[in-house]
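Take a look at the structure below.
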């Protein structure tokens, strides 16, 4: 290498985020240049986001600087002419870092949510968990026929009472109180004759004849069923953050160096995946009804994004439209005593119980208990935060209740910067948009004019925004939709 062997005077700075394939690809390319590369995770250092946007005019990651020269994102780096790249390498090797170099994080300052995710969870055993464990092996749980239906793994109120009195030596009144606690704490649910079983387990004929099932025996094959959530309920926001961070870390560890594929097989064998599954079980009894709008948004976006990855690990990634439809209607978690599929979370909760693509009915009927959890209105910004696993989707992020609205605006802005989401052709007076805007047009105002204005309002200041403003002002804008990339990023 001759004189190149002396220590370079400058540095390359890459602003990135965990689990971002484009960032991985950029780092792999920069790693071959033989100069120091400093990576700054703006997920862990959100205090730098505004400064990076100020320096680059963009919300997307990665953003790459050679000393203080802004190169752009991964695409810009890959398209760069070899002689231009060589000139920048020389700059870093020979020129000291200028005073206006892009900032590195202050060591003392980092995001609260970015702590040690493994140490963030302490399980306090719920006193009823032990009772449930004994009940499972007491010969009380079995099949019961009611009319034409056989309810597997069920037991009647009378059987539960008798067992509590006989085996646990409880007085009848205490046995009823315990039954009520099991219902209210969502260790069990009513499955037949549930008219009066709204959490009241009282001394009446209805209770005695009703059939119940332990929540873990839910027949819907939710990915976190089959085991009792034995910990005292954990606060929903903390739990979703922890799950999202854990699976994102796993995802990043199994993302190929070029950022183009994920080794899901290797990921499923990682011991940390087992830890993730243990934590996901605790979603069964989480409290949802008391959550604010912001808490619901952050909770369900994080859980949706984690569940997609968990679904890929268990079922493999869908490769066509039919498999996708099945995947999104089937992959589910038990959350707060109810089963939520990906479809239920997106269209039922986050879109205010609206019909999804190819759905004839709303996800939740008027009597569905999950309707109480649904947001009152569709939140159009969620479309840019849900990582659906296809390459055309927005980048993966973790959301927090206190900043949820600005985080969602950033996700939308970052999405619209990409040319696979929005292209403005001033000559033809045409705007080409992602299929997301076609599928969910109702969420963006329902008409072409409202849709275009929505897009304009959510774009960052950029030449693209100026072009769009010009096209809209000229009137008679043609809207078309870009092809959607359904390829998933699985290496298997």
Where a ≥ b ≥ c are root eigenvalues of the Cα gyration tensor, a/c under 1.5 meaning rounded, otherwise prolate if a/b exceeds b/c and oblate otherwise, segment 326-374 counts as oblate
List residues of segment 440-464, by number, whose backbone nitrogen lies under 17 Å from a label position 7 Å along Cα→C-beta of residue 54. 461
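Starting from the Kirkwood Rh over alpha-carbon pairs, what translational D in µm² s⁻¹ does segment 236-406 have by Stokes-Einstein at 20 °C and 1.002 mPa s?
Answer, rounded: 131 µm²/s.
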As I understand it, the value is the acute angle between the Cα axis of helix 157-168 and the longest principal axis of the Cα atoms of the chain; what does it come to in degrees, rounded to 10? 80 degrees
Placing one identical point scatterer on every Cα of segment 409-481 and ignoring solvent, what is log10 I(q)/I(0) from the Debye formula at q = 0.16 Å⁻¹? -0.48
In percent, how large is the relative contact order of segment 409-481, given Cα pairs closer than 8 Å and 6 or more residues apart? 40 percent
Quick check on segment 28-178: what does the Kirkwood estimate of hydrodynamic radius come out to from the alpha carbon pairs, in Å? 22.0 Å
In whole Å, how far is the Cα centre of segment 191-266 from that of segment 291-340? 11 Å
Footprinting exposure proxy for 53, 168 (fewest neighbouring C-beta atoms within 10 Å first): 168, 53
Divide the volume of the convex hull of the Cα atoms of segment 305-456 by its number of residues and quote the answer in cubic angstrom per residue. 133 Å³
What spacing in nm lies between the two simple spin-label points modelled at residue 293 and residue 268, each 7 Å away from Cα in the Cβ direction? 4.1 nm
So, in Å, what gap is there between the alpha-carbon centers of segment 1-77 and segment 416-471? 29 Å
Relative contact order %, the chain, counting alpha carbon pairs below 8 Å whose residues are six or more apart: 13 percent
Calculate, for residue 220 and residue 449, the FRET efficiency according to 1/(1 + (r/R0)^6) with r their C-beta to C-beta distance and R0 30 Å; round to the nearest 0.05. 0.10
Give me the Debye-computed log₁₀ of I(q)/I(0) at q = 0.13, 0.15, 0.26, 0.31 Å⁻¹ for segment 184-237, equal point scatterers on Cα only, no solvent, two decimals. -0.40, -0.51, -1.05, -1.21
Could you give the angle, 0 to 90 degrees to the nearest 10, between helix 82-94's Cα long axis and the longest principal axis of the Cα atoms of the chain? 90 degrees
Given N residues in segment 128-217, what is its alpha carbon radius of gyration divided by 2.2 N^0.38 Å? 0.98
Additional length obtainable on full extension of the chain from residue 123 to residue 409, 0.36 nm per residue less Cα span: 99.5 nm
Taking 218, 457 and counting other beta carbon atoms within 10 angstrom, the fewest-first order is 457, 218
Apply 1/(1 + (r/R0)^6) to the Cβ-Cβ distance of residue 261 and residue 429, taking R0 = 30 Å, and write down the FRET efficiency to the nearest 0.05. 0.15
For the chain, take N as its residue count and report Rg(C-alpha) divided by 2.2 N^0.38 Å. 1.14
Expected sort for 440, 304 with the fewest Cβ neighbours (10 Å cutoff) up front is 440, 304
For segment 2-112, inverting the pair-averaged 1/r of distinct alpha-carbon atoms gives a Kirkwood value in Å of 14.3 Å
In degrees from 0 to 90, rounded to the nearest 10, what is the angle of the helix 236-253 Cα long axis to the longest principal axis of the chain? 50 degrees
So for R0 = 30 Å, FRET eff. of residue 143-residue 203 from the Cβ-Cβ r, to 0.05, ends up at 0.70
I'd like to compare 254-267, 69-82: which one has the highest average count of other Cβ atoms within 10 Å, and what's the full order after that? 254-267, 69-82
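Every number here is computed from the coordinates shown, using simple stated rules; none is lab data. None of the values given here were measured: they were computed from a predicted structure. Every residue, glycine as well, gets a Cβ built from its backbone with ideal geometry; the counts of neighbours run over all protein chains shown.
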